[in-house]
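The values are calculated or read from the model by the stated rules, or taken from the named source; none is laboratory data. No experiment lies behind these values; they were computed from the predicted model shown. Positions of Cβ are generated from backbone atoms using ideal geometry, with glycine treated the same way; all protein chains shown enter the neighbour counts.
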Amino acid sequence: MKEVKNVNVIGLTITGKTEDDRVVRSDNDSNINEENKMDTKKLEPIAFIFQLFSGILLAVFVASHIYITHLNEEALKYESVVERLSNSTIKVIYFLFLVIVCFHAFNGLRAILLDTNFGKRNARMVNLLCLIISIVSILYGATLLISF
């Protein structure tokens with residue numbers, strides 16, 4: 001058996017004894033706030049389920065968007081785009097597309113950040129920042145949709 005003493009490798013602390021010279025790694029959770037852990041534990045199952053459904057809806061929306069706009073050469077012309085966006089039903093569909101894209105993107109980013117030591121220590125800030133950026137993106141996209 002070979003003993004490995006606390007060696008920090010890219011945010012991980014390597015600790016413990018190993019057999020056959022294998023390295024055992026464990027996250028360095030000593031600086032993680034218990035309150036942040038609790039917030040993340042409550043949010044993660046719900047966020048995962050919504051991430052799953054938003055991915056499925058994105059596949060449907062992207063497929064229909066490509067079918068409607070990119071398979072018809074006329075649909076990409078400016079006049080056709082303006083005509084299509086003058087229809088309130090299309091605007092609602094594109095708004096839903098925008099909301100789902102923003103949720104999926106920023107929830108994915110949030111999940112990635114929470115997997116880092118920085119995210120674990122600052123879970124509340126990461127959650128709030130991703131929520132704010134997502135809302136701002138949705139408002140900006142909605143403003144662009146309304147302008148047509």
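Residues that are in contact (Cβ under 8 Å) with a residue 24 or more places away in the chain, closer than 25 Å to Lys41 by Cα and of a type outside the set (Val, Ile, Thr): does the stretch 74-90 have at least one?
No; the residues of the stretch 74-90 include none that is in contact (Cβ under 8 Å) with a residue 24 or more places away in the chain, closer than 25 Å to Lys41 by Cα and of a type outside the set (Val, Ile, Thr).
Might you check whether a residue that is closer than 25 Å to Ala47 by Cβ and in contact with a Cys (Cβ under 7 Å, 6 or more places away or on another chain) occurs anywhere in the stretch 99-106? Show your work before the answer.
The initial filter retains those residues of the stretch 99-106 that are closer than 25 Å to Ala47 by Cβ, namely 99-106.
Subsequent filtering for residues that are in contact with a Cys (Cβ under 7 Å, 6 or more places away or on another chain) retains 106.
Scanning the stretch 99-106, I find at least one residue that is closer than 25 Å to Ala47 by Cβ and in contact with a Cys (Cβ under 7 Å, 6 or more places away or on another chain), so the answer is yes.
Quick one: would you say Asn36 is assigned to a helix (DSSP H, G or I), surrounded by 11 or more Cβ atoms within 10 Å (Cβ to Cβ), polar (S, T, N, Q) and modelled with pLDDT of 55 or more?
Details: assigned to a helix (DSSP H, G or I): yes; surrounded by 11 or more Cβ atoms within 10 Å (Cβ to Cβ): yes; polar (S, T, N, Q): yes; modelled with pLDDT of 55 or more: no.
Against the criterion (assigned to a helix (DSSP H, G or I), surrounded by 11 or more Cβ atoms within 10 Å (Cβ to Cβ), polar (S, T, N, Q) and modelled with pLDDT of 55 or more), Asn36 does not qualify.
Can you confirm whether Val81 is of a type in the set (A, V, I, L, M, F, W, C) and modelled with pLDDT under 55? Quick ask: steps written out before the conclusion?
Details: of a type in the set (A, V, I, L, M, F, W, C): yes; modelled with pLDDT under 55: no.
No: the conditions fail for Val81.
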